[in-house]
1. Which of the trypsin sites (Lys or Arg not before Pro) found in the range 26-63 are in a DSSP loop and have at most 14 neighbouring Cβ atoms, other than their own, within 10 Å?
2. Only residues of the range 46-79 count here: report those whose backbone N is under 19 Å from the spot 7 Å along Cα→Cβ of Met134, or say none.
3. Whose amide H sits under 5 Å from the amide H of Ser115, counting only residues 5 or more places off or on another chain, with H placed in the peptide plane?
4. For the range 5-88, which whole percent of the accessible surface, found with a 1.4 angstrom probe, sits on carbon and sulfur atoms?
5. Can you give the Rg to Rh ratio of the range 19-113, both from alpha-carbon atoms, with Rh computed by the Kirkwood formula?
6. Dipole magnitude of the range 1-115 about its Cα centre, charges +1 at Lys/Arg Cβ and -1 at Asp/Glu Cβ only, in debye to the nearest 20?
7. What longest region of the chain stays clear of chymotrypsin sites (Phe, Trp or Tyr not before Pro) that DSSP places outside H, G, I, E and B and that have at most 16 other Cβ atoms within 10 Å?
8. Between Ala149, Ala122, Ala131, find the one with the highest GNM mean-square fluctuation for the chain; connect C-alpha pairs within less than 10 Å.
Amino acid sequence: MPAAMSYVVRPWALRDLKDVMQLIRSLREDGFGRHPKFGCLVAEVSRDHRSKDGHTVVGYQFHYFRYCTWQGRILFGEDLYVMPEFRGQGIGTSLLSQVAKLALARGCTQFQLVSADWNQPATALYKKLGAVDMTARDNWLVWHIEGQAVGEMAKRATQ
């Protein structure tokens, strides 16, 4: 039986950007500039347990703050990712637990997440951790306007 793998979940540092970039697309200024627009926690394993490709950063949780006029500040979890070879070892749960702690420390009333309906492992994890499907419970619909449609809307704006 292989030795137990250890890992830490910590706030990311600029030195992690290259590793995180392999997992997501990001922008240096928006994440590390004078007024960061988002944050990210990374899961890092020891060099003894690095990935098949030699990486020690094996997962991340990307988040930013939103505001709800009814309930106040919300931490929004945009992405949770753990490399497939490291799944099932509690890393995703640890990342979500750390970001929940961050949400409370920043005065958030909620921690919201999104997942595609086809992503059953994510859905199962979120439910296991006590998340509520707002689509089913509150009949919320999420709308997305992109590309040319954004430009068309902007043209309708008055000064």
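1. Here the sparse-neighbourhood loop sites are Arg34, Lys37, Arg50, Lys52.
2. 62-79
3. none
4. 49
5. When Rh is taken as the Kirkwood radius, the ratio is 1.01.
6. Charge dipole of the range 1-115: 300 debye, to the nearest 20.
7. The longest uninterrupted stretch comes out as 71-117.
8. Ala149
The values are calculated or read from the model by the stated rules, or taken from the named source; none is laboratory data. Bear in mind the structure is a predicted one, so any value in this text is a computation, not a measurement. Neighbour counts are summed over all protein chains in view; Cβ atoms, including those assigned to glycine, are modelled from backbone coordinates with ideal geometry. These accessible areas exclude ligands, DNA and RNA; they are computed on the full protein's heavy atoms, side chains included. Shrake-Rupley method; radii C 1.70, N 1.55, O 1.52, S 1.80 Å.
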